[in-house]
1. Modelling each spin label as a point 7 Å along the Cα-to-Cβ direction, I'd like the residue 53/residue 68 distance in nm, to one decimal.
2. What spacing in nm lies between the two simple spin-label points modelled at residue 2 and residue 252, each 7 Å away from Cα in the Cβ direction?
3. Considering the Cα positions of the chain, please state its Rg to one decimal place and its Dmax as a whole number of Å.
4. Averaging sequence separations of C-alpha pairs under 8 Å and six or more residues apart, then dividing by the length of the chain, give the relative contact order as a whole percent.
5. What does the convex hull of the Cα atoms come to per residue for segment 172-246, in Å³?
6. Nearest 500 deg cm²/dmol is fine: what mean residue ellipticity at 222 nm does the chain get from its DSSP H runs of n ≥ 4 alone, each adding -39,500 (n - 2.57), divided by its residue count?
7. Subtracting the Cα-Cα distance from 0.36 nm times the residue separation, let me have the gained length for residue 108 to residue 195 in nm, one decimal.
8. So, in nm, how far is label residue 9 from label residue 36 when the simple model puts each one 7 Å beyond its Cα toward the Cβ?
């Protein structure tokens with residue numbers, strides 16, 4: 001097991017992961033952010049170098065993290081060999097199994113490995129299966145003008161409480177802290193009314209994926225999300241990031257919106273796995289038991305109208 005801290009090696013890894021797209025998307029986006037200031041304080045682990053069989057991104061071990069906060073205790077994984085995947089993910093030096101955490105990846109082996117280890121350790125694991133969507137040519141995305149009187153702008157930290165209170169996994173200190181991190185350090189966009197809070201917004205996360213897109217119920221059906229996604233996609237594309245997201249399969253409004261904007265559904269499943277070793281929870285009891293929405297760090301209704 002090696003921690004890649006050399007900037008030249010991390011840039012080389014980014015190029016290797018780019019060649020493996022779209023299977024590498026979650027790890028690739030995370031490594032890109034690591035190489036561009038590392039706003040989420042992630043580090044990169046490989047089983048060997050330069051001929052790696054698995055890449056794992058994880059919270060930096062030199063930073064003190066809340067052991068019960070599975071939002072910011074975020075991992076991603078991409079493997080070339082399933083045996084190497086099981087060996088590294090089962091290594092307590094690589095994954096801190098004493099903490100609550102989430103891990104995301106596009107390969108079935110990541111889900112099966114985490115499921116088996118969690119069962120063996122007596123941990124609770126929830127799996128959220130998403131459809132991965134990627135825009136093949138962001139500059140070609142249809143442009144929509146917003147209504148007169150509305151204004152496209154970045155999301156403000158003062159909006160964090162509204163975003164938390166409209167998120168299925170909000171209404172708790174974890175989500176508020178996590179959303180504040182995203183608002184302050186990652187590309188985002190919102191549509192502002194002349195006075196008052198935003199009426200539509202979308203964020204991006206440490207994986208460089210679009211997430212928590214939302215339009216207030218009273219403003220839906222007016223295509224407000226389209227210019228928001230267009231603005232955010234332009235920001236990500238200008239910085240060299242892929243423009244992608246993940247959506248729950250039953251979220252038809254979001255899927256229709258994204259397809260209309262030119263996103264394509266990729267094959268396979270985008271797995272988001274939330275593991276908890278039995279911590280007492282301060283959030284609503286329904287949060288991890290609901291099959292209707294994602295866990296912190298994922299895309300909820302990115303084009304809700």
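1. Rounded to a tenth, the inter-label distance reads 3.8 nm.
2. 5.1
3. Calculated on Cα positions, Rg and Dmax stand at 18.5, 58 Å.
4. Values: 613 pairs, mean separation 69.5, N = 305.
Once normalised by length, the contact order is 23 percent.
5. Working: hull volume 8.6 nm³, N = 75.
Given the Cα convex hull of segment 172-246, per-residue volume reads 114 Å³.
6. Value at 222 nm, helices only: -8500 deg cm²/dmol.
7. 26.7 nm
8. Taking the two extended label points, one gets 2.4 nm.
Just so you know, all these numbers are worked out from the coordinates, no wet-lab data involved. A quick note: this is a predicted structure, and the numbers were derived from the prediction, not measured. Positions of Cβ are generated from backbone atoms using ideal geometry, with glycine treated the same way; all protein chains shown enter the neighbour counts.
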